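A.B. asks: Below is one structure. I have some questions about it.
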Amino acid sequence: MEIEWQAIQSQPTTPAAAIFNKPVNSKHILLLLLNVVLLIAGGSVGPIFVRIYFLHGGNRKWFASFLQTAAFPFLLLPLLFSFGRRRRRSSASPTPLFLISPFLLLSSAAIGIFTGLVNFFYSYGSSYLPVSTSSLLISTQLGFTALFAFLIVRQKFTAPTINSVVLLTFSAVVLGVHSNGDRPEGESTAKYMAGFAMMLAAAVLYGLVLPLMELMYNKAKQDISYTLVMEIQIVMAAAATAFCAVGMVVNKDFQAILEEGHQYGLGETKYYVVVVFIALLSEALFLGITGTINYSSALVSGIALAICIPISEVLAVLFLHENFDAEKGVSLSLAIWGMISYFYGEYKTYLRNKTVTMEHMVPISTSLPSPVN
């Protein structure tokens, strides 16, 4: 759940329009494809491993939340590479190791703590819900993002945005009406409904996180580069991990991990394999999102994220043997329709802004004085 791609979509320092205009060569295309693969792998396979953890005896929700951001130290490697490149190119001395300002540092840490709470809600919901249900519920965060963006950063509602909110709302309603139809065997109705409510709460809160990030970028008094975005993500992930670590201490998860591994249904070795894959796939998702935005656009990143939902549905049916009935089919169709509507609206906004920008940049020939004969 560290999907912060939309936060940099409309900030003034790096508008989406600028991200579309990337120089294209074979290396650029290769890096873009690599990042898209990382994004889709993390976004579609990651939820499967989270569900596997809970299905076979894992019961530590704070631990599962902790794992979703625990691999953030891997992000230090591209930052060190970026620092070395800046140091070689810079004629000034000395080259700063970090670009993040105190304001962005504190703001990122605060949003990171909030993200840790979102991760907990997501893990709680995943412990009781099938992947095919949780994926559809979490997709409704786009609608909540649009609502909170209107309230916090005054982003205007457009017809496609309103259509998206309505469709995603109906998608969740269809699942809610059919809430007991896919309840796992042996699970009480109370636990299932609690998982449903927590997953929906995760979508609501994550919809709030993204506009808060956009507000932070808008108030930052410095250029938002790809390196700076990586630094912000490290701070957010570190804060989220620390928040979940506190929850683990209170819940005595650290003492219980070894015992949980011994008693895991698939065996102790596979327990640690599942745990490692949750952490790595979560990090792959983040790297893929950030890289796709850098080498293409936030729109392409969002489309790739939308592709993850039907892939997750298929994987859940094939490997977890989950049921996929008519109600889920209707809900999935509404969710995909809503996401297409949302991204279509974003694309139209981009084209409109690009036209306005070009009109301001290109001189009008009729406004020039006529040459004197």
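A.B. asks: Going through region 246-257 one residue at a time, which ones are part of a helix (DSSP H, G or I), of a type in the set (S, T, N, Q) and within 29 Å of the chain's Cα centre (by Cα)? Lay out the reasoning, then the answer.
C.D. replies: Taking region 246-257 first, the residues part of a helix (DSSP H, G or I) are 246-250, 253-257.
So of that shortlist, the ones also of a type in the set (S, T, N, Q) come out as 255.
Across region 246-257, there are no qualifying residues.
A.B. asks: To continue, here is another question. Mind listing whichever residues of region 327-342 are crowded, with 20+ Cβ neighbours inside 10 Å and either in contact with a strand residue (DSSP E or B) (Cβ under 6 Å, 6 or more places away or on another chain) or not hydroxyl-bearing (Ser, Thr, Tyr) (or both)?
C.D. replies: To start, the set of residues in region 327-342 that are crowded, with 20+ Cβ neighbours inside 10 Å comprises 328, 331-332, 334-335, 338-339, 341-342.
Within region 327-342, Lys328, Leu332, Leu334, Ala335, Gly338, Met339 qualify.
A.B. asks: Can you pull out the residues in region 111-132 that are among the aliphatic types (A, V, I, L, M) and either over 17 Å from the mean Cα position of the chain (by Cα) or surrounded by 22 or more Cβ atoms within 10 Å (Cβ to Cβ) (or both)?
C.D. replies: Of all residues in region 111-132, those among the aliphatic types (A, V, I, L, M) come to 111, 113, 117-118, 129, 131.
The answer is Ile111, Val118, Leu129, Val131.
A.B. asks: Sticking with this one: Which of (1) touching a residue at least 40 places away in the same chain (Cβ under 8 Å); (2) in a helix (DSSP H, G or I); (3) not hydroxyl-bearing (Ser, Thr, Tyr) does Ile224 not meet, given it meets every other one?
C.D. replies: Condition (2) is where Ile224 drops out.
A.B. asks: Quick check on this structure: which one of Lys221, Lys191 is modelled with pLDDT of 90 or more, of a type in the set (D, E, K, R), surrounded by fewer than 20 Cβ atoms within 10 Å (Cβ to Cβ) and farther than 17 Å from Gln68 by Cβ?
C.D. replies: Working: Lys221 fails: modelled with pLDDT of 90 or more.
When all the criteria are applied, what remains is Lys191.
A.B. asks: Would you pick out the residues in region 161-178 that are surrounded by fewer than 24 Cβ atoms within 10 Å (Cβ to Cβ) and assigned to a helix (DSSP H, G or I)?
C.D. replies: Applying the first criterion (surrounded by fewer than 24 Cβ atoms within 10 Å (Cβ to Cβ)) to region 161-178 yields 162-163, 165-167, 169-170, 172-174, 176-178.
Of everything in region 161-178, those that are surrounded by fewer than 24 Cβ atoms within 10 Å (Cβ to Cβ) and assigned to a helix (DSSP H, G or I) turn out to be Ile162, Asn163, Val165, Val166, Leu167, Thr169, Phe170, Ala172, Val173, Val174, Gly176, Val177.
A.B. asks: Filter region 200-216 for residues that are under 15 Å from the mean Cα position of the chain (by Cα) and either buried (at least 24 other Cβ atoms within 10 Å of the Cβ) or modelled with pLDDT under 90 (or both) and give the result. Give the steps one after another, and end with the answer.
C.D. replies: Initially, region 200-216 is screened for residues under 15 Å from the mean Cα position of the chain (by Cα), giving 202-214.
Hits for region 200-216 are Ala202, Ala203, Tyr206, Gly207, Leu208, Val209, Leu210, Pro211, Leu212, Met213, Glu214.
A.B. asks: What single numbered condition from (1) surrounded by fewer than 18 Cβ atoms within 10 Å (Cβ to Cβ); (2) in a helix (DSSP H, G or I); (3) charged (D, E, K, R); (4) touching a helix residue (DSSP H, G or I) at 6+ places or on another chain (Cβ under 9 Å) fails to hold for Glu260?
C.D. replies: Every listed condition holds for Glu260 apart from (1).
A.B. asks: Okay, moving on. Examine region 42-56 for a residue that is under 23 Å from Ile289 (Cα atoms), under 18 Å from the mean Cα position of the chain (by Cα) and of a type in the set (Phe, Trp, Tyr), and state whether such a residue exists.
C.D. replies: yes
A.B. asks: Give the number of residues within region 28-78 that are assigned to a helix (DSSP H, G or I) and within 17 Å of Val118 (Cβ to Cβ).
C.D. replies: In the first step, residues of region 28-78 are kept if they are assigned to a helix (DSSP H, G or I); the result is 28-55, 61-67, 72-78.
Filter once more, keeping what is within 17 Å of Val118 (Cβ to Cβ): 42-43, 46-47, 50, 61-67, 72.
Counting residues in region 28-78 that are assigned to a helix (DSSP H, G or I) and within 17 Å of Val118 (Cβ to Cβ) gives 13.
The values are calculated or read from the model by the stated rules, or taken from the named source; none is laboratory data. Not measured: the values here are computed from a predicted model. No Cβ is skipped: glycine too gets one built from the backbone with ideal geometry, and neighbour counts run over all protein chains shown.
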